[in-house]
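Written out below as structure tokens is the structure these notes cover.
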Amino acid sequence: MKKTLLICLILLTKLSFGQNNSEWNGSVTFPADYKVGDCIEFLNVQPMNAMASGNYEVSISYVRGNIAAGATYLASISHANPTIWREVGRVNSNGYAGGGSDGHAFTLDCNTQYGYPRLRIRAIRVLGVTSDMIIVNIKVRAISQNSGWNVMNNVGTDLTILPFLAMTNDWSLYVGDNFGALGANLAIKATANGNVGIGTTTPAEKLSVNGNIRAKAIKVEAANWPDYVFHQGYQLPLLPEIEQYIKLHNHLPEAPAAAEVEKDGLNLGQHSALLLKKVEELTLILIEKDKQLQKQGEEIDLLKLQMQKITERLNK
């Protein structure tokens, strides 16, 4: 009786390990002459949360001829996701170094259909040379609860340029002293609209920084650079008009007011162009004034000469 019970316990233990719902290992095989767009739907994941919510870490690796590559992807599935295929973003990449690309021949796609989310491997490049079939090894790990795996082998072709599947709604990186600190400091915040903040939880721009920035150089791309100031026919502002504007507004024409800068900040590209425009206008005005001074000097010299002649005549 004891021996029978022991055998049953061993069988149950083996069965529990065989039914590991948190991890799946497998592979798909592509022919040696595969084409870009070829895809193999290999797994229907079965998250326990509302039949469609879950997070999965998927690692793939493969060898083609003299090229080897691997990558890890993070697929986030929500019960409100649409029934479409989207490419899953890589969180770790070890592609073939060379070939004029990122070194990856295959990628991971996810269809987030409610109640029936699926994963597939899709060819995005043909790299390497071989007459052998390509085996893509796959490891899927459920980060949240998963009730099981439904293995598939649906072969197809999809040449559509797919959008990416969001990995998360937003993301925050908190850092601090792990030994003595009672809290942590926010270093980086990324939001659903693609904005990134450093030191701020509410980035309003593609990059919002709450603090100082130090750099060796900053390159700002700008259009409509004010070379047009030197074009023939450009109307220079008149100094009396500039003087009147300054008296009324306390800043140069076209320049933002102090209150506006305090409220909305300063666009470095636009401001650099504006400053250059004002310098170019000032340069042309100074050139014109220099010509006027030279002319006045010549006229004064002529008057002096005339006065000298008149004086000489009077003294005779």
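At a glance:
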item: Euclidean distance of C-alpha centroids, the stretch 240-270 and the stretch 155-219, integer Å; result: 34
item: Label-point gap, in nm, between SER27 and LYS263 - each point 7 angstrom along Cα→Cβ; result: 6.5
item: Efficiency of FRET between THR168 and ILE213 - r from beta-carbon atoms, R0 25 angstrom, step 0.05; result: 0.40
item: Computed helical MRE - 222 nm, the chain, DSSP H runs ≥ 4 contributing -39500 (n - 2.57), nearest 500; result: -9000 deg cm²/dmol
item: Residue among GLN113, GLN46, GLN292 with the largest mean-square fluctuation in a Gaussian network model of the chain, springs linking Cα atoms under 10 Å; result: GLN292
item: Computed E for LYS139/THR200 - FRET, C-beta separation, R0 41 angstrom, nearest 0.05; result: 0.65
item: Distance in nm between pseudo-label sites at ASP227 and THR283 (7 Å out along the Cβ direction from Cα); result: 1.3
item: In sequence order, calculated HN-Hα J values of the stretch 111-126 (Karplus, 6.51, -1.76, 1.60; Hz; x Gly/Pro); result: 9, 8, 3, 4, x, 8, x, 9, 10, 8, 9, 10, 7, 10, 8, 10
item: DSSP beta bridges in the stretch 141-217 [antiparallel fraction, %, rounded to 5]; result: 75
item: The chain: most fluctuating residue of PRO31, PRO163, PRO240 per GNM, C-alpha cutoff 10 Å; result: PRO240
item: Radius of gyration, Dmax [the stretch 24-165; alpha carbons; angstrom]; result: 14.6, 45
item: Ranked by how many other beta carbons lie within 10 Å on average, peptides 61-73, 191-203, 226-238, 304-316 from highest; result: 61-73, 191-203, 226-238, 304-316
item: Share antiparallel - DSSP beta bridges, the chain, percent rounded to 5; result: 90
item: Rh by Kirkwood over Cα pairs, then Stokes-Einstein D for the chain at 1.567 mPa s and 4 °C, µm²/s; result: 48
item: GNM flexibility winner over the chain from LEU74, LEU284, LEU186 (Cα, springs under 10 Å); result: LEU284
item: Chymotrypsin sites (Phe, Trp or Tyr not before Pro) within the stretch 121-221: DSSP coil, no more than 10 neighbouring Cβ in 10 Å; result: PHE179
item: Paramagnetic reach from HIS271 (point 7 Å along Cα→Cβ, amide N under 18 Å) across the stretch 205-249; result: 205-223, 226
item: DSSP beta bridge pairing in the stretch 169-212, given as percent antiparallel to the nearest 5; result: 75
item: Set LYS291/LYS316; LYS219/LYS277; LYS35/LYS219; LYS35/LYS139; LYS216/LYS278 screened for pairs whose C-alpha atoms are more than 30 Å apart; result: LYS291/LYS316; LYS35/LYS219
item: Kyte-Doolittle at least -0.5, axis length at least 20 Å by Cα - qualifying DSSP helices, the chain; result: 2-18, 268-314
item: Pairwise label distance in nanometres, GLU57 with VAL151, each label 7 Å out on the Cα-Cβ vector; result: 2.3
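Values quoted throughout were computed directly from the atomic coordinates according to the rules given, and no laboratory measurement underlies them. Computed from a prediction, not measured in an experiment: that's the story for all the values here. Every residue, glycine as well, gets a Cβ built from its backbone with ideal geometry; the counts of neighbours run over all protein chains shown.
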